[in-house]
1. Would you confirm whether or not the stretch 61-69 contains a residue that is assigned to a strand (DSSP E or B), at pLDDT below 90 and over 12 Å from the mean Cα position of the chain (by Cα)?
2. I'd like to know if the stretch 41-51 contains one or more residues that are on the phi > 0 side of the Ramachandran plot, surrounded by 11 or more Cβ atoms within 10 Å (Cβ to Cβ) and modelled with pLDDT of 85 or more.
3. What is the one condition in (1) part of a strand (DSSP E or B); (2) more than 24 Å from residue 6 (Cβ to Cβ); (3) without any contact (Cβ under 8 Å) to a residue 12 or more places away in the chain that residue 41 does not satisfy?
4. Which count do you get for residues in the stretch 3-28 that are surrounded by 14 or more Cβ atoms within 10 Å (Cβ to Cβ), in contact (Cβ under 8 Å) with a residue 12 or more places away in the chain, in contact with a strand residue (DSSP E or B) (Cβ under 7 Å, 6 or more places away or on another chain) and assigned to a strand (DSSP E or B)?
């Protein structure tokens with residue numbers, strides 16, 4: 001089974017993905033979300049697009065990342081909270 005993100009946003013070459021995770025704790029299972037931020041690039045000598053987790057930000061990445069992280073925050077605070085409320089009903 002391939003693990004896929006539950007939501008993704010992209011601005012230019014910068015992308016954020018939200019992942020749904022599960023962990024067993026004291027005989028029960030909890031669910032939590034994590035976020036991966038990555039940048040796509042293409043090597044000059046190859047015709048293949050690649051993706052790397054961003055460890056070092058470039059000046060041009062900061063504004064793109066801010067826009068994406070606002071979307072991630074809205075999703076986590078509003079959509080996930082709504083889903084949690086629906087599960088409780």
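The values are calculated or read from the model by the stated rules, or taken from the named source; none is laboratory data. What you are looking at is a predicted structure, and each value in this text was computed from that prediction instead of being measured. Please note: Cβ atoms are built from the backbone with ideal geometry, for glycine as well, and neighbour counts cover all protein chains shown.
1. Here is the first cut: in the stretch 61-69, the residues assigned to a strand (DSSP E or B) are none.
No: zero hits.
2. Initial filter on the stretch 41-51 (on the phi > 0 side of the Ramachandran plot): none.
No: the stretch 41-51 contains no residue that is on the phi > 0 side of the Ramachandran plot, surrounded by 11 or more Cβ atoms within 10 Å (Cβ to Cβ) and modelled with pLDDT of 85 or more.
3. (3)
4. 9
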